[in-house]
Amino acid sequence: MKPRILIILGSTGSIGRSTLDVVAAHPDRFEVRALAAFSNVDRLVEQYHQFNPKYLCLVDESRSAELAERLKDEPVEILSGENDLIDMAALRGPDMVVNAVVGAAGLKASLRAVEDGKDLALANKESLVAGGPLFPPIVEKTGARILPIDSEHSAIWQVLHCGKKEEIRRLLLTASGGPFRDYPAEKFAEITVEQALDHPTWNMGNKITIDSATLANKGLEVIEAVQLFDVPADKVTVVVHPQSIVHSMVEFVDSSVVAQLSQPDMRLPITYALFWPDRVESAHGRIDWSQMADLTFEDPDFERFPALRLAIEAARAGGTMPAVFNAANEAAVAAFLDHDIRFTEISETIRRVIEASTSIGQPSLDDILEADREARRLAKQTMETIAL
Ligand code: NAD
Ligand code: MG
């Protein structure tokens, strides 16, 4: 069997490293042709020596000379800057792009990959959230496929083999509820960065960990599901399931509910996407049923987690509103991580930015990029008025 040739964007992050773990476990099935990261030279050098890609890209141009110097005797081409990362997504040869970049910074590379007809194994949900309306016409033209890595969407994708699209009553998107599921409302304003970074079931990058604590992540995932599975926002229901064993479910019109289960381990959905349409022997996430505790389910609390409600409203509004939600959230999360705003001010910032924005229907890429820029500007302005 010919190895699948991969480009991995965001290789130094949590998903990027898990992807390389999966690749390392199946050396005859994959060739890593290109790796890209933001600024982590040490880890990229280490990954180079393990996987010997022909291309490396560092987005932070101030550090690319250091990368080139450290690999000067190696047969590798060093690229740098945002444009090189985007071009990397359309390299001749590879079959698949794994996009594990964080944030809307991954959008143009996702578009480039599908424009080029490559399969896109997508962890970077923000590119679908912000740029969702741009993908269907391109995918239809080039035949590219978007293969979700996000565990909930991987679950739904697997479950949808059980029925036809018109047989879906609703998608049941599970959420762990994050570290503050039971936390009293009056203590939310005092939540520290350290508390918010301590997620009960998943070990992830900082941005998505904060998103999981505010439930903005689940909101982004509602929008991601609307785009991936072409269903209206009203057909996506969020169900809080603290154990993170049921990764999502589909309720069909006959009231049958089909679910996908495993221990929380991102290597399982990554393996499914990388090998799709096949399943391979693997023990990631295997359940020991004798140890299985209770599986519980409850409704989300939209009062304590307003970011989830705002995202669902943005999903209903469509057009550029999801891009506005996403950009405001990215700006607010960065400010929270810098200790510039309180935990509760993340959703408050998003709320004010959305209130001050109007949605453009059927947006072009320029409309989306402009909405993203304007939302970040409004978020900054808002945070200056509410900051600590
Ligand atoms: P991370 O912060 O650990 O890694 C992010 C990667 O992107 C790093 O390699 C970094 O160098 C790179 N990067 C950062 N900014 C960049 C930029 N401006 N341009 C190019 N590259 C840049 O994040 P993560 O947890 O691996 O998450 C990556 C994506 O996967 C996010 O969209 C996240 O929502 C999604 N996701 C993550 C998990 C998880 O378990 N970590 C689960 C589901 C989905
Ligand atoms: Mg997820």
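Cβ-Cβ distances below 8 Å connect the following pairs, each with a first residue in segment 189-209 that is under 20 Å from residue 386 (Cα atoms) and part of a loop (DSSP other than H, G, I, E, B), a second residue that is modelled with pLDDT of 95 or more and within 16 Å of ligand 2 (Cβ to nearest atom), and a separation of six or more residues or different chains: 191/213.
Residues in segment 139-158 that are crowded, with 24+ Cβ neighbours inside 10 Å, assigned to a helix (DSSP H, G or I) and charged (D, E, K, R): 152 only.
Restricting segment 342-361 to residues that are touching a residue at least 40 places away in the same chain (Cβ under 8 Å) and closer than 20 Å to residue 126 by Cβ, the residue that is surrounded by the most Cβ atoms within 10 Å (Cβ to Cβ) is 350.
Can you find even one residue in segment 44-61 that is more than 16 Å from ligand 2 (Cβ to nearest atom), part of a helix (DSSP H, G or I) and touching a Gly at 6+ places or on another chain (Cβ under 8 Å)? Looking for residues that are more than 16 Å from ligand 2 (Cβ to nearest atom), part of a helix (DSSP H, G or I) and touching a Gly at 6+ places or on another chain (Cβ under 8 Å), one finds at least one in segment 44-61, hence yes. Between 184, 179, the distinction of being away from ligand 2 (no atom under 15 Å from the Cβ) and surrounded by 14 or more Cβ atoms within 10 Å (Cβ to Cβ) belongs to 179 only.
Within segment 310-333, the set of residues being closer than 23 Å to residue 190 by Cβ and either in contact (Cβ under 8 Å) with a residue 60 or more places away in the chain or not in a helix (DSSP H, G or I) (or both) comprises 310, 329, 333. Residue count for segment 23-40 under the criterion of being assigned to a strand (DSSP E or B), touching a residue at least 40 places away in the same chain (Cβ under 8 Å) and either aliphatic (A, V, I, L, M) or within 16 Å of ligand 2 (Cβ to nearest atom) (or both): the result is 2. Residues that are among the small types (Gly, Ala, Ser), within 11 Å of ligand 2 (Cβ to nearest atom) and more than 17 Å from residue 15 (Cα to Cα) within segment 191-225 comprise just one, 225. Is there any pair with a first residue in segment 234-252 that is within 15 Å of residue 159 (Cα to Cα) and a second that is of a type in the set (D, E, K, R) and part of a strand (DSSP E or B) whose Cβ atoms are under 8 Å apart and which are 6 or more apart or on different chains, and what are they? Close Cβ pairs (under 8 Å, with a partner that is of a type in the set (D, E, K, R) and part of a strand (DSSP E or B)) amount to 236/170; 250/170; 251/169; 251/170; 252/169.
Give me the pairs: first residue in segment 10-22 and under 15 Å from residue 208 (Cβ atoms) and assigned to a helix (DSSP H, G or I), second residue hydrophobic (A, V, I, L, M, F, W, C) and modelled with pLDDT under 95, beta-carbon distance under 7 Å, and six or more apart or on different chains, which are they? Partner pairs satisfying both residue conditions: 14/204.
The values are calculated or read from the model by the stated rules, or taken from the named source; none is laboratory data. If you're wondering where the values come from, they're calculated on a predicted model, not measured in any experiment. Positions of Cβ are generated from backbone atoms using ideal geometry, with glycine treated the same way; all protein chains shown enter the neighbour counts.
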